[in-house]
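Peer 1: To start, I am sharing the structure in question, which I have written as C-alpha cells.
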Amino acid sequence: MKLKYKCDIKSNVKTPILHKNTVLKSTKCMNIIFLLLSIILLVATLLCLFLKYNKNNSSYIEILNYRPKEQIYIYNSSFINYCSVVSDDYKFDCFPRGKVNQNSCEERNCCWSPSTPNSQIPWCYYPSNYTNYKVINVTKSRNEIVSYFNLTSNTNYINDIKVLCMKVFFQTAQRLRIKIYDPVNKRYEPPFPEVPVLKLDKSNINVPLVSDYIIELAENKVGFAIIRKSDNVTIFDSRNIGGFIYSDQFIQLSALLPTKYMYGLGEHRSNLMLDMNWKTYTFFNHDNPPANGINGYGSHPFYLILEKSGKSHGVFLFNSNAMDIILQPMPAITYRTIGGILDLYYFMGPTPSDVVSQYTEIIGNPFLPSYWTLGFHLCRFGQTLKELLHVYNRTVSAGIPWDTHWNDIDYMKNRNDFTLSDDFIELPKYINFLHEIGMHHVVILDPGISSREPKGTYPPYDDGLKKGLFIKNSSGLPLEGQVWNLNGGTVFPDFTNPMSIDYWIDQVSFYHKILPFDGLWIDMNEPSNFVNGDWEGCKFNHSNNWENPQYIPNVDGGKLNYKTICMSAEQYAGVHYNIHNIYGFSEAITTQFALSVIQNARPFVISRSSFAGLGHFAGHWTGDIYSTWDDMKQSITDIIVFNMFGIPLVGADICGFNKNTTVELCSRWSQLGAFYPFSRNHNSNENFDQDPVALGPLVTESAKKALLIRYSLLPYLYSLFWRSHIYGETVARSLFFEYPSDISTYAIDTQFLWGSALLISPVLKENQVDLDLYLPNDIWYDYYSKYMTVSNGSIFTVNAPKDTIPLAIRGGYILPIQDPATTTTSSRKNPFGLLVAPDKNKEAFGYLFWDDGNSLNVWENGFYNEIHFKLYNTTLSNKIITNNYSDETIILQHITIMGIQNEPNNILVNGNIHNNFFYNTTEKALYFSALDLDLNMFFNISWTEISNN
C-alpha cells in the first residue's frame, strides 16, 4: 500500500497515514513545506553570517569540521519519514503501557501494524526518524563536546523537558561518558557511589585525546553512535532510532547493539547470557524470593557484551530511579527510567576483565575482606541458643572446617534491633568462647526500628526521633510501616542524612559492648515493608505523582509502594521515589564505617539490597532462594554476574533457604557452596535443620571433603580478592572471561572459574555420578588424579562420585596452598605449598598476597608481602615484590608439579642436592616435601628429566 502523509505544522514532520480512505490536500501541504523550508534557509544564512564574524564563539559549523584524531564525525542522513521497516526486530514500542488501538497509536505520531496474536512484536511502534528535539548549538574542546537541543513537539508524557544538554566526555582512552540532562532545572542524580573526579592532563591542552573509540553524532537531533576504532564495530547506535523522550517522569533512549551476547543487568533470575527476545528487565529493589520475570533485591543497570571478534565492551547507566530495560532481537536495547537523568558510561575493554576493571574504577573497587570471612559460615532462622550449641558440637565433632556462626532475628527481644532476648542471655558467653578458639560470630541487623515501645525504653527509637533521623511521610512525621517488630510499628532511619552516621555508630557501638559480634548482616533493606507504603496510606500531591506516575515500570505488585515504603516519603537526599534503589546501599556504607570505627579492623558487612558500588563496602548473598536443583544451578549465574558488578564476596544459601532440602541435593550443594566466594549454609525457620551433620554421613562427608579443599586453597582465593581490591578483577568468573574467542563458552552457566586457574564443575542433577563438562582449548589437570588432558575445546565425561565435585587446574598457573585446618586461625599457622600446572611450553606463573588478614589499609600502608612464582622448563623460582609483613613466618614445605612426562633426577634446591621428592609415574607428577623454605627469601629449584629415548 502506498503511504500517505499528513502535515504537522507544529513539528514540521510528515507523519504516515495508513487509512486507505484518507484524502490528502497535497498542494496545501507542499505550500506549507515550501514556506517552512524558506524560513529555515533564511535563518541558516543569518546564522552563518553571524558565526563568520564572531570568531571567539564555538559553533555548530565548527564542530562539523572538528575531527581530533578521528574521534568525532557528524552523521549525515536524509530526513525520511516512513513506517515500513526492514524487519519486525527494528520495531521499538511506542505504547508500552495500557490498551492500544490504531487511533491512540497514531495520536502519538507512531506507526500501527497489527502482528500475529500473542506476538511480542509491538503493534504500535516509532517511525525510525521520530524526533522531538533539534540542535541549537554545539561546542567543543579537547576533552568534551557540548550540544544543546530544544523541544520541537510535545509527547504524550507529562512535562517534557524544554531544553536538553548533552555532554560527551572523552575521559580516558577506554572510557567515554555521555550525560544528557536539563541545563535549566537541576534534576536528581544519585549521591552514591561517589564517582572519582577525573584529573585531566592540562600540559597538552591542544592535543586531541587518543582513544579507542570514535563518536558520530546524529544530524540536528539527539542521537549518537560509538564505534570501536580498531575494527570499525559500532557498539552503541541511537541515531535514527525512534522513541527518544525526555519528560519529567519518563525518559527513554533506544540503541542498536553489535551482538546478542549480553551479560549483566541485575538483579534478576535469568540465564548467564541474557534473553534478547523482547525481554523486559525491571530495576526496582524488592523483597521477594527470586523468581522469573520480577524485579530482584538489587539494581545494577550495567551490561557487558561480547563482540563477534571476541572483544568486549560495557555500558553503565548511572541512574537510581525505577526503570525498565528492554532487549529485542535486532539486537537492540531500550532504557525507560521514570526520573533522574541519562548518565551513560562506556567501557571499551577490550577483554571482559578489562571491562569490569574499567567499570569498578568508576563505582569503586571491591573491599579486601578479612581472611576469616573466607572460611565456612553456618546459620539458620528459627533456632534457640540450646539448638545453636548442638549445631556447634556436632559440626566440630565431625571435623568440618568452619569459621563463623551466625544468628538470625531469633536472638532479638521482640525482634527489635540492638536488643537481646531472654532466651539468648548467654549468647555473649558463647561468642567469647568462639573468639577464644579462633572462630567468629555475625548477627543480623534490619534497618527497621521499632516505633511502639514504651516511651524511654528503647534508645534506638528515642535517639533517632530526637535527632529527626527517620524517613518522614508527606506530613513531616516519621513514616511508620511494619517489618518484624512484634509491637506493630516500624520506622526507617534515613542513611542519606549525614547525622545518621553518628547515630548508627552510637547504636552499633553500644550493642557491640553487650554482644561482641564480628560482622553485621543487613537484611530487609530494599527497604522491605509488610504493609504497602505505611499504616496511614501514602498521602501525596497528585501534581507530583510520586506514588502513581504516568508510567510504572513492570514492578512486582503493579505499584511502586508494593511491599515497601511510600514513594512520597521525604529523605535528606530527596524524595524516596528517587532514592529507593540506593536505600540499602546507603545503609551498607554507614554500617561499614561504623564497624571500622568500633573494631579498628576490616569491617564485614553482608547486604541483601544492592546497587552499583556496593562491593566497595560490603558483600551480598542472593536472598531467600528455594531448596531446588534449579535454584542451585541458578546460583552459579548469580555469583558470576555479581562478580561482574564489582561484588566478588557473594554466595547463595547453601542447600537453599525456603522449603526442605533433600540429602542428595544438600550433598551436591555443599560441594558447590564450598566454592562460592562467600560460603554460608542457611535456611528458614519453617524447615528442618540442614547443617551438614544434621543430614547424615553423605552430606557430612561431601561438605568436609569440599571444605578441606577450600581451606587448602585459601591463600590462592585470598590473593584473588587482593587482585580484585587493587585492580577490580573478578574472583569467580565465567569461562568466556578467559576464552572470549571461544563461542562455546558464551552460554556456559554450569561451570565457573576461580581466577584464571581453577575450574569448578558441579553436579547439578539428581542421580548423577559422572558429568559432561566443557574444557576450552588448553591443557587441564584433574585436581584429584593429576591426570593431564589436552583439549581442543571439547566436552569430556568425568567421574563425579556422590561425595566429590570435579575440579581442574589450567595449565600455565601456579596456585599457592596451605595445609588445611578446621578454622582459618589454625590453617594460617600451617606450612604452605604450591600446585604447579605447566602449559604446553612447560611454563607456569602464580602469585601470593599475604598480610595479617584483618588490619585496615594494609595496601595503602604497604604492610603486606607480594611473592611471584615462575616455572620455566625445569626450573621453579620465586621473586619477592614486596616484603613488609614480618609478623608471621611463611614456610614453604611441599610442592606438586604436574605434567612431568619423564622421570627427573639431579634435584637441586638452592644449588644443594635435595632427596625428599617422589615422582609418581602414573600421575606424571613430581612431589617435593620437607623443603623448609622461607617464602620471603629467594629460592631456586631445578631438575633434569631422564629421556625415554
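Peer 1: With respect to Leu265, determine if the residue is touching a strand residue (DSSP E or B) at 6+ places or on another chain (Cβ under 6 Å), closer than 24 Å to Trp621 by Cα, in contact (Cβ under 8 Å) with a residue 12 or more places away in the chain and part of a loop (DSSP other than H, G, I, E, B).
Peer 2: No, not satisfied.
Peer 1: Follow-up question, since we're still on this one. Does segment 485-508 hold any residues that are within 18 Å of Ile565 (Cα to Cα) and either of a type in the set (Val, Ile, Thr) or free of Cβ contacts under 8 Å to residues at least 24 places away in the same chain (or both), and which are they?
Peer 2: Thr490, Val491, Thr496
Peer 1: Can you tell which of Val168, Val138, Val184 is over 25 Å from Met330 (Cβ atoms) and outside any loop (DSSP other than H, G, I, E, B)?
Peer 2: Result: Val138 is the single residue among Val168, Val138, Val184 that is over 25 Å from Met330 (Cβ atoms) and outside any loop (DSSP other than H, G, I, E, B).
Peer 1: Moving to a separate point now. Do we find a residue being at positive phi and modelled with pLDDT of 95 or more anywhere in segment 260-275?
Peer 2: yes
Peer 1: Going through segment 310-343 one residue at a time, which ones are in contact with a strand residue (DSSP E or B) (Cβ under 8 Å, 6 or more places away or on another chain) and open to solvent by 10 Å² or more (accessible area, probe 1.4 Å)?
Peer 2: Scanning segment 310-343 gives Lys311, Phe318, Ile326, Met330, Pro331, Arg336.
Peer 1: Kindly state which helices (runs of 4 or more DSSP H) lie completely within segment 384-484 and contain at least 2 residues that are more than 32 Å from the chain's Cα centre (by Cα), touching a residue at least 12 places away in the same chain (Cβ under 8 Å) and more than 22 Å from Phe510 (Cβ to Cβ).
Peer 2: Per the criteria, 385-397.
Peer 1: Out of all the residues in segment 565-585, is one or more assigned to a strand (DSSP E or B), touching a residue at least 24 places away in the same chain (Cβ under 8 Å), touching a helix residue (DSSP H, G or I) at 6+ places or on another chain (Cβ under 7 Å) and of a type in the set (Val, Ile, Thr)?
Peer 2: Yes, the conditions are met somewhere in segment 565-585.
Let's see how each residue does on (1) more than 30 Å from Tyr577 (Cα to Cα); (2) among the acidic types (Asp, Glu); (3) open to solvent by less than 10 Å² (accessible area, probe 1.4 Å); (4) touching a Leu at 6+ places or on another chain (Cβ under 6 Å):
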site	(1), (2), (3), (4)
Asn393	yes, no, no, no
Ile449	no, no, yes, no
Arg452	no, no, no, no
Gly456	yes, no, no, no
Ser475	no, no, no, no
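Peer 1: List the residue pairs whose Cβ atoms are under 7 Å apart, where the first residue sits in segment 611-632 and is part of a loop (DSSP other than H, G, I, E, B), the second is β-branched (Val, Ile, Thr), and the two are 6 or more positions apart or on different chains.
Peer 2: Between residues of segment 611-632 that are part of a loop (DSSP other than H, G, I, E, B) and residues that are β-branched (Val, Ile, Thr), the close pairs are Ala612/Ile363; Gly613/Ile363; Phe617/Ile589; Phe617/Val605; Ala618/Val605; Ala618/Ile606; Ser627/Thr661.
Peer 1: If I ask for residues that are open to solvent by 20 Å² or more (accessible area, probe 1.4 Å) and either among the hydroxyl-bearing types (Ser, Thr, Tyr) or more than 15 Å from Asn910 (Cβ to Cβ) (or both), which ones from segment 871-884 would you list?
Peer 2: Listed by number, the residues that qualify are Tyr872, Asn873, Thr874, Thr875, Ser877, Ile881, Thr882, Asn883, Asn884.
Peer 1: Follow-up question, since we're still on this one. Within segment 174-191, how many residues are among the charged types (D, E, K, R) and buried (at least 19 other Cβ atoms within 10 Å of the Cβ)?
Peer 2: The total comes to 2.
Peer 1: What number of residues within segment 207-252 are open to solvent by less than 10 Å² (accessible area, probe 1.4 Å), part of a loop (DSSP other than H, G, I, E, B) and under 19 Å from Thr155 (Cβ atoms)?
Peer 2: Result for segment 207-252: 4.
Peer 1: Another question, then. Just give me the residues in segment 808-856 being surrounded by fewer than 20 Cβ atoms within 10 Å (Cβ to Cβ), under 13 Å from Leu935 (Cα atoms) and aliphatic (A, V, I, L, M), in sequence order.
Peer 2: Passing the criteria: none in range.
Peer 1: Is it true that some residue in segment 925-937 is open to solvent by 60 Å² or more (accessible area, probe 1.4 Å), within 37 Å of the chain's Cα centre (by Cα) and in contact (Cβ under 8 Å) with a residue 12 or more places away in the chain?
Peer 2: no
Peer 1: If the requirement is being without any contact (Cβ under 8 Å) to a residue 12 or more places away in the chain and over 19 Å from Pro183 (Cα atoms), which of these qualifies: Asn118, Asn129, Asn109?
Peer 2: Asn118
Peer 1: Could you please let me know if Thr637 is farther than 29 Å from Tyr503 by Cα, open to solvent by less than 20 Å² (accessible area, probe 1.4 Å) and within 25 Å of the chain's Cα centre (by Cα)?
Peer 2: yes
Peer 1: Also, quick follow-up: Pick out the one residue from Lys162, Lys140, Lys202 that is open to solvent by 40 Å² or more (accessible area, probe 1.4 Å) and modelled with pLDDT of 95 or more.
Peer 2: None of the others qualify; the one that does is Lys162.
Peer 1: Condition test on Asp770, is it of a type in the set (Asp, Glu), at pLDDT 95 or above and in contact with a helix residue (DSSP H, G or I) (Cβ under 6 Å, 6 or more places away or on another chain)?
Peer 2: In short, no.
Peer 1: Kindly list the number of the only condition in (1) farther than 20 Å from Asp932 by Cα; (2) open to solvent by less than 40 Å² (accessible area, probe 1.4 Å); (3) not in a strand (DSSP E or B) that fails for Trp859.
Peer 2: Looking at each condition in turn, Trp859 falls short on (2).
Peer 1: If only one of Asp518, Asp523, Asp534 is within 30 Å of the chain's Cα centre (by Cα) and more than 19 Å from Ser596 (Cβ to Cβ), which one is it?
Peer 2: Asp523
Peer 1: I need every pair where a residue in segment 284-310 that is more than 24 Å from Thr234 (Cα to Cα) and modelled with pLDDT of 95 or more has its Cβ under 6 Å from the Cβ of a residue that is of a type in the set (Ser, Thr, Tyr) and surrounded by fewer than 24 Cβ atoms within 10 Å (Cβ to Cβ), sequence separation at least 6 or different chains.
Peer 2: Asn295/Thr282
Okay, residues lined up against (1) in contact (Cβ under 8 Å) with a residue 40 or more places away in the chain; (2) open to solvent by less than 20 Å² (accessible area, probe 1.4 Å); (3) among the aromatic types (Phe, Trp, Tyr):
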| position | (1), (2), (3) |
| --- | --- |
| Thr730 | yes, yes, no |
| Phe736 | yes, yes, yes |
| Ile743 | no, no, no |
| Asp749 | yes, yes, no |
| Pro762 | yes, yes, no |
| Leu773 | no, yes, no |
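Peer 1: For segment 286-294, indicate whether the set of residues that are crowded, with 22+ Cβ neighbours inside 10 Å, out of contact with any helix residue (DSSP H, G or I) (no Cβ under 6 Å at 6 or more places or on another chain), at positive phi and not hydrophobic (A, V, I, L, M, F, W, C) is non-empty.
Peer 2: No, segment 286-294 has no match at all.
Peer 1: Counting just the residues of segment 89-145 that are aliphatic (A, V, I, L, M) and over 33 Å from the mean Cα position of the chain (by Cα), which one comes out nearest to Asp237 (Cα to Cα)?
Peer 2: My answer is Val135.
Peer 1: Let me ask another. Considering segment 762-777 alone, what residues qualify as being closer than 16 Å to Ser791 by Cα, in a loop (DSSP other than H, G, I, E, B) and in contact with a Leu (Cβ under 8 Å, 6 or more places away or on another chain)?
Peer 2: Pro776
Peer 1: Moving on. Answer yes if at least one residue in segment 667-683 is in contact with a Lys or Arg (Cβ under 8 Å, 6 or more places away or on another chain) and among the charged types (D, E, K, R), and no otherwise.
Peer 2: Taking every residue of segment 667-683 in turn, none turns out to be in contact with a Lys or Arg (Cβ under 8 Å, 6 or more places away or on another chain) and among the charged types (D, E, K, R).
The values are calculated or read from the model by the stated rules, or taken from the named source; none is laboratory data. Note that this is a predicted model, so its numbers are computed, not measured. So basically every Cβ, Gly included, is an ideal-geometry build from the backbone, and we count neighbours across all protein chains shown. With ligands, DNA and RNA removed, areas are computed over all heavy atoms of the protein, side chains included. Shrake-Rupley method; radii C 1.70, N 1.55, O 1.52, S 1.80 Å.
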